Structures are given as C-alpha cells and as structure tokens.
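Asker: One structure coming up, written as structure tokens, with questions to follow.
The values are calculated or read from the model by the stated rules, or taken from the named source; none is laboratory data. Keep in mind that what you see is a predicted model, and the values were worked out from it rather than measured. A quick note on method: Cβ atoms are made from the backbone with ideal geometry, for glycine too, and the neighbour counts reach across all protein chains shown.
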Amino acid sequence: MKLWKIFAAGLVASLFAAAGASAQPKDWSTIKIATEGAYKPWNFTDSSGKLIGFEIDLAEDLCKRMKARCEIVAQAFDGVIPALNAGKFDAIMAGMNITDKRKEAIAFTQTYGRTPSTFAVLKSNALAKLPDAGKVYSLNPDGVVAAEKSLNDLKPLLKGKVIGVQTSTAQANFLEKYFKDVIEIRQYKTTEQHDLDLAAGRVDAVFASISYLKSVVEAPENKEMMLAGPRYGGGALGFGVAVGLRKTDPELLAKFDAAVGAAVADGTVKTLSMKWFGFDITPVR
Amino acid sequence: MIDYVDLMGFGPKGWGPLMLQATLMTVAVSATAFALGSGVGALIAWARIEGHSLLQLAADAYTTVLRGIPDLLVIYLLYFGGSAALTALAHALGAKGFVGVDAFAAGAIAVGIISGAYQSEIFRGAYQAIARGELEAARAVGMSRWLMFRRIIVPQALRFAIPGLGNVWQLALKESALISVVGLTELLRQAQVGAGSTRQPFAFFITAAALYLVLSTLSGWGFRRAEAVGMRGVRRS
C-alpha cells in the first residue's frame with residue numbers, strides 16, 4: 001500500500017514540476033520571439049549555438065523600436081503555429097510567408113521581406129532547360145493571368161516528374177494547387193533534406209524560396225545544381241514574409257506592425273537584407 | 001576529411017561542444033523518461049496483478065492505448081494540448097496569461113508514459129516468473145506485504161526483468177529523438193540545426209548516428225554487466 005503512495009506522490013510531483021508557470025504580464029515590455037534557427041540566411045545558428053541571421057538582426061531592431069526586451073528562441077518549423085497559439089511564445093519570425101491558410105490561424109504584420117520561389121535542378125536533368133529562366137510572375141490579382149498562363153505552359157514539361165518541397169510551407173500549397181495532377185509531390189520536413197535527395201537524383205527538382213535556393217546552388221559542394229525555370233510570388237505562395245502573432249493580441253500586433261513599417265521605411269530592412277542575402281528583399285508597396 | 005575535423009572539432013568554428021551537449025541532453029531526457037516509466041510501469045504492473053477488477057481494466061486500457069498510438073502523437077498531445085489544458089485550468093482559477101509546459105518535461109513525460117506501458121508488461125512477466133512457493137513461504141512465515149515485496153519479489157523480479165528493461169531503454173533512447181519536434185535541443189534537433197546552418201547535412205547526420213551508436217553500445221554493455229551481477233547467484237543449466 002505504502003509503495004503505490006510513493007509512486008503516486010512522485011508522479012504528481014513531476015506533473016507539477018512540468019507546469020512551470022510562465023504566465024506573463026500583458027504590457028509587452030518583454031516579448032518572446034520564436035524562430036527556426038536552421039534556415040540560412042533568414043535565421044540560423046553558429047557553431048557556438050548562437051542564433052544569427054537576417055531575422056535575428058531585424059528582431060533586435062524591432063524590439064528597440066518597441067522599447068521591449070526580447071528573448072529569441074529556436075523552435076522546429078512544423079510545430080511553430082500551434083505552439084504560438086498554445087502560448088509558448090508571443091511572435092514568430094521564421095521566414096514565414098503570409099498565406100490565406102495561415103491567416104485563418106494567426107495574425108500577421110505587414111511584410112518585411114518578399115522573395116519569389118523557383119525550382120532548383122541538377123544541371124544534367126532535362127528540367128534544366130525550363131523556359132523563362134529567371135522571369136518573375138506574380139500570382140497577385142494584377143499579374144495572375146500571365147502567371148497562370150506560364151504555369152499551364154510548364155505543366156506538359158513537368159508531367160510525371162518528382163518534385164521535392166518542405167512540408168507545411170506556402171511552396172507546398174502552391175504545388176498542390178497548380179501541379180497536383182501532373183507531378184508527384186514529395187514533402188520533406190526540412191529544406192536541406194530535399195536538397196540531399198536532389199543531389200542523390202531521387203527527385204527531379206525542388207521548389208523553394210529563391211533566397212534559400214540561391215545560397216544552396218552557390219555552395220561549393222553543390223556545383224552540379226542550378227536554378228531553373230520562372231519564379232513565382234504572391235497568391236498561394238504568400239504575400240511576403242511577416243511577423244506572425246496570436247489573433248488575441250491586437251495591441252502587440254499594432255506595435256509590431258508600426259515597428260516593421262518604420263524599419264522598412266528608413267532602410268533598415270534594406271541594409272540588413274544586403275548584409276545577409278546580398279540582394280534587396282524589401283517588399284515593394 | 002580536414003573539413004570534417006574542423007566542422008565537428010572543438011576549435012573556434014567547430015560544432016563539437018554543441019553536439020556533445022546535445023548528446024548529454026539526449027541522455028538526460030531518456031534517463032528521466034526511463035525512470036518515470038519504471039515508476040509508471042511498476043504501478044501498472046501492480047494494478048494488473050493485485051488490483052480490483054476496475055483497476056485492472058484501467059491498467060489494461062492504459063497499456064493498450066499507449067502501445068497502440070504513435071509516440072509522436074503522444075508528444076504533440078502533451079506539449080500542445082498540455083499547455084492549452086493547463087492554461088484553461090489557470091484561467092478557471094482566476095490567473096491570467098499562458099501557462100507553458102516545458103519542452104524537456106513534456107518530452108520526458110511523453111516518452112516516460114509510453115515506456116511505462118512497455119515496462120509494466122516486463123515487470124508483470126518478471127513477477128510471474130517468481131516461483132509461487134517462495135511467495136507462499138513468505139506469507140507462511142508471517143511477512144507483511146511490504147516486507148515480502150522488498151525481500152522476495154523485488155530482488156528476483158528485477159533479475160528477470162533486466163534483459164527486457166535493456167530493450168525498453170534502447171527504445172527510450174531512440175524515441176527521445178522524436179522530442180526534437182517540440183524544440184528541445186537534443187541530438188537530432190542539434191544535427192538538424194547544424195545541417196540547416198552550415199549546409200553540410202551529411203556531416204551532421206552521420207555524426208549524430210555515430211553518437212547514438214556510442215550511447216546504445218555503452219548502455220548495452222552496462223545492461224549486460226547488470227545482468228551478470230544480478231544472475232551471479234543463479235546456476236544456469
């Protein structure tokens with residue numbers, strides 16, 4: 001009898017230890033921001049374990065503007081939205097594109113970066129000769145007709161091909177929406193996993209943000225990879241990268257939104273973008 | 001090769017310290033989970049052997065459910081669902097804001113309660129391997145249930161349980177990799193972060209595999225030693 005009491009007491013104690021209360025005051029003098037920490041150059045980790053990258057620098061700048069003390073934590077990307085809504089942290093800055101689907105779950109500020117998405121292939125693959133290389137199409141209402149024509153032109157060329165994409169991303173939704181019936185979509189947990197399968201020839205192409213793919217094809221060990229085909233942005237691919245917040249925190253949304261607007265307006269975003277990407281990702285308004 | 005040594009070494013650009021730290025985290029979270037699982041497992045085994053029919057039913061349900069659903073699902077339920085439930089509870093009690101379940105705690109408890117389901121079966125089997133005559137003899141000399149448990153049951157049951165527990169420990173060690181999804185920086189998560197940050201996925205995943213292998217080899221040796229010690233008074237036919 002005694003014995004089970006000891007076990008029960010231990011179990012209850014460990015449950016209470018688990019409930020390390022992190023109830024916060026809501027004046028937003030301290031903000032906890034989540035990032036992925038493995039998405040170079042947006043946000044990644046150096047060999048001392050420190051988070052670095054475009055969004056880390058930008059977060060520091062935004063927090064200065066909001067006069068808040070910020071803590072940045074790393075979190076796996078595929079659980080980041082439920083974790084935000086469960087209250088693990090207050091904001092997401094993880095190279096996350098605004099999409100209609102995500103807007104159902106969380107709120108977004110205005111964008112601080114916009115990069116189109118494109119294909120990367122092996123130079124030896126037939127897809128290396130996709131037409132319109134480097135041309136940018138917008139899926140927003142103003143350019144959607146031309147974009148959809150280009151997508152229809154691509155369909156016969158992509159027929160039966162296997163294309164890798166990171167799961168629960170805007171890019172995955174895009175492939176589902178436009179190419180579902182002609183290609184085989186293979187989803188990966190992280191982008192570097194689909195790169196490995198591209199290098200191994202297990203997929204014909206990968207589809208991802210150009211800001212990411214550019215640094216992949218430029219890496220010395222990926223000499224046989226290249227970017228191919230047209231680039232797409234807007235619409236199902238997202239309206240740009242922004243800070244994600246809970247819908248129940250309108251005051252924090254207003255603060256972040258103003259700070260992002262100011263950082264875009266005074267050129268801070270451009271400066272940081274040149275530093276980390278080597279090109280300007282400032283969204284055009 | 002030189003590149004690899006630089007990358008995984010302990011120099012200024014080396015990821016060695018981080019990978020080792022993550023290995024320790026893997027050991028810590030697995031060991032916590034395993035210990036928790038031993039507690040839960042012993043409790044469940046007791047319920048199945050001695051409990052009332054209702055208790056037995058509950059214990060049966062526990063082992064069936066937890067061995068039957070994916071471990072990843074249990075982790076998600078505890079980490080995301082646990083926070084939501086605790087927050088609702090806190091609000092009901094008048095508190096404001098969010099109550100979080102720590103990633104380590106959620107992970108250790110998730111792997112622990114799964115491990116407990118497996119361990120309960122091992123403990124039950126080990127108990128049943130004890131000669132009935134020994135238990136009857138203990139009762140006949142007037143031992144209390146606690147004394148009988150301590151002197152007769154535990155020393156013998158544990159001896160039979162060691163090989164099975166070794167397997168369950170290996171399971172816990174590998175299941176701990178699933179906790180990477182909730183952001184705990186254990187070995188697999190660290191390897192993913194390193195791979196994404198340096199664009200050298202091979203180096204990181206191979207290193208992580210090697211470190212897991214070191215852990216399982218060392219602990220396998222430990223369990224064999226424990227078995228040898230436990231069985232030292234038993235003559236094998």
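Asker: What number goes with the only condition from (1) at the interface with chain A (Cβ under 9 Å from one of its Cβ atoms); (2) more than 22 Å from the chain's Cα centre (by Cα); (3) free of Cβ contacts under 8 Å to residues at least 40 places away in the same chain that B:Ser180 does not pass?
Answerer: It is condition (2) that B:Ser180 fails.
Asker: When residues of the stretch A:42-79 are filtered for being on the phi > 0 side of the Ramachandran plot and either under 16 Å from the mean Cα position of the chain (by Cα) or of a type in the set (Lys, Arg) (or both), how many remain?
Answerer: 2
Asker: Please go through the stretch A:51-81 and pick out each residue that is in a loop (DSSP other than H, G, I, E, B) and at the interface with chain B (Cβ under 10 Å from one of its Cβ atoms).
Answerer: Answer for the stretch A:51-81, where residues must be in a loop (DSSP other than H, G, I, E, B) and at the interface with chain B (Cβ under 10 Å from one of its Cβ atoms): A:Gly53, A:Gln75, A:Ala76.
Asker: Are any of the residues in the stretch B:39-54 out of contact with any strand residue (DSSP E or B) (no Cβ under 8 Å at 6 or more places or on another chain) and not in a helix (DSSP H, G or I)?
Answerer: yes
Asker: In addition: Residues being within 9 Å of chain B (Cβ to nearest Cβ), surrounded by fewer than 17 Cβ atoms within 10 Å (Cβ to Cβ) and either at pLDDT 90 or above or out of contact with any helix residue (DSSP H, G or I) (no Cβ under 9 Å at 6 or more places or on another chain) (or both): count how many of those fall in the stretch A:24-47.
Answerer: Of the residues in that region, 2 qualify.
Asker: Okay, moving on. Please enumerate the residues belonging to the stretch A:120-145 that are surrounded by 14 or more Cβ atoms within 10 Å (Cβ to Cβ) and aliphatic (A, V, I, L, M).
Answerer: Passing the criteria: A:Ala120, A:Val121, A:Leu122, A:Leu127, A:Ala128, A:Leu130, A:Ala133, A:Val136, A:Leu139, A:Val144.
Asker: For the stretch B:189-211: of the residues being of a type outside the set (Val, Ile, Thr) and touching a Leu at 6+ places or on another chain (Cβ under 8 Å), which is nearest to the other protein chains (Cβ to nearest Cβ)?
Answerer: Taking the candidates together, the pick is B:Pro201.
Asker: Buried (at least 16 other Cβ atoms within 10 Å of the Cβ), within 12 Å of chain A (Cβ to nearest Cβ) and without any contact (Cβ under 8 Å) to a residue 40 or more places away in the chain - does that describe any residue in the stretch B:32-41?
Answerer: Scanning the stretch B:32-41, I find no residue that is buried (at least 16 other Cβ atoms within 10 Å of the Cβ), within 12 Å of chain A (Cβ to nearest Cβ) and without any contact (Cβ under 8 Å) to a residue 40 or more places away in the chain, so the answer is no.
Asker: Which ones in the stretch B:77-100 are in a helix (DSSP H, G or I), crowded, with 19+ Cβ neighbours inside 10 Å and either facing chain A (nearest Cβ under 7 Å) or hydroxyl-bearing (Ser, Thr, Tyr) (or both)?
Answerer: Result: B:Tyr79, B:Phe80, B:Ser83, B:Leu86, B:Thr87.
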